[in-house]
Amino acid sequence: MNLLFGAEVQAKPTFPSPSTYRYASASAALVDLGTNSSFQLDAATRNVSLVRNGATIASFTGAQRNIPEPGDEGIAYSAGANLFGFGCIPSSLALAYTVTAVYAVNLDPVPPAADTSGLILVGGTPTISSSELSSGSYGSLVSLSILTTDSDNPEDSTDARTITTVTFDLASGVLKGTLTGVGDKTYTVNFTATLIPGTTRFQGVVTTASGATGKLSGGFFGPGGREYGFTLAVDDGTAHITGVGLGKEARLTQQHGCEIVRGGFASRTVRRRNDMPRRFA
């Protein structure tokens, strides 16, 4: 499955005591995935690999796939402190052409762990031509991961549960709206993105409730621009935020869900909730 857009958070841990850790420094930024980025599944072995710019950066075996529990979403693999997960999440939007993925390294570090990082990704089947696009409204969700420096509770994440309306105006090429994620706290982001001329991709600016600004990069997916997806990155004081915004045309009913999973992977099989780190839940 092609991966097109990414955002990454990186952090350096410190250890006030053997059982706790903090982050002394961190940063969040969009990343250029280059060409030929994807995750690849072997239907027979259930092995999975993550490719970035033509180079394999992670591989997991079928034996490292987490056992799903009813009601969970997505598919996840873990090996030691590293994790890779993917799926058409959230299912409440019944996305058919857009996929999200995460790759996390050195989660919940213990001394003398190296730096930690988390790569959040969006891909799928892009809309071929901007001539397919039209003005309209999208039912939309956001999922955020928040890493805080100098805190005894350094990680938080939001569930993609609050559906709001995002609008796209073809004449101006502008997609904009307000998205809310609910976690230990409620996080709201406003965004405005502009279509890159001659493409179905867009770039824009994200603003948090505190006034901090960051960047987003994304595009439309599926025939006629039925769906959209983007990654975002914001450094908001001590909070370093990455996430994904997802939408589906409001006129479409939830007639089908994720179509990207084949070869024995059910579209709604996933990880145990406790297996997914909080900032990537």
Quiz prompt | Kirkwood Rh and Cα Rg combined as Rg over Rh, evaluated for region 172-224 | solution = 1.05
Self-check item: Calculated from backbone phi, Karplus (6.51, -1.76, 1.60) coupling profile of region 18-30 in Hz, x at Gly/Pro
Solution: x, 9, 9, 8, 10, 10, 7, 8, 7, 8, 10, 7, 5
Quiz item: Rounded to the nearest 0.05, what FRET efficiency do Gln203 and Gln40 have when you use their Cβ-Cβ distance and R0 = 25 Å?
Solution: 0.35
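Based only on the alpha carbon positions, what is the Kirkwood hydrodynamic radius of region 24-153, in angstrom?
Over region 24-153, the inverse of the mean reciprocal pair distance is 17.1 Å.
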Quiz item: Quick one: how many Å² of Asp32 are accessible to a 1.4 Å probe, rounded to 10?
Solution: 130
Self-check item: Where N is the number of residues in the chain, Cα Rg divided by 2.2 N^0.38 Å
Solution: 0.96
Quiz prompt | Cα-centred dipole magnitude for the chain, charges only on beta-carbon of K, R (+1) and D, E (-1), debye, nearest 20 | solution = 400
Quiz item: So which lysines pass the test for Lys176, namely a Cα distance under 21 Å, with those fewer than 8 places away in the same chain ruled out?
Solution: Lys215, Lys248
Practice problem: Give the relative contact order (percent, whole number) for region 72-191; include only Cα pairs under 8 Å separated by 6+ residues. | Solution: 16
Quiz item: What dipole magnitude, in Debye to the nearest 20, does region 20-157 give about its Cα centre under +1 on Lys/Arg Cβ and -1 on Asp/Glu Cβ?
Solution: 380
Exercise. Enumerate the aspartates and glutamates that Lys12 could reach by cross-link, defined here as Cα to Cα under 12 Å, with residues fewer than 8 away along the same chain left out.
Key: Asp108, Asp115, Asp150
Quiz item: With every protein chain left in place, what is the accessible area of Glu132 in Å² (1.4 Å probe, nearest 10)?
Solution: 70
Quiz item: What is the Cα radius of gyration of region 1-81 over 2.2 N^0.38 Å, N being its residue count?
Solution: 1.38
Quiz item: At a probe size of 1.4 Å, how large is the accessible area of Arg46, to the nearest 10 Å²?
Solution: 80
Quiz item: What residues have an amide H closer than 5 Å to that of Asp108, excluding those fewer than 5 places away on the same chain, when H is modeled at 1.01 Å from N in the peptide plane?
Solution: none
Quiz item: So how do Ile120, Ile196, Ile67 rank on accessible area, 1.4 Å probe, biggest first, that is with the largest at the start?
Solution: Ile67, Ile196, Ile120
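The values are calculated or read from the model by the stated rules, or taken from the named source; none is laboratory data. No experiment lies behind these values; they were computed from the predicted model shown. All Cβ positions, even for glycine, are placed from backbone atoms using ideal geometry, and neighbour counts span all protein chains on display. Each accessible area value is taken on the protein alone, full model and side chains, heavy atoms only, with ligands, DNA and RNA left out. Shrake-Rupley method; radii C 1.70, N 1.55, O 1.52, S 1.80 Å.
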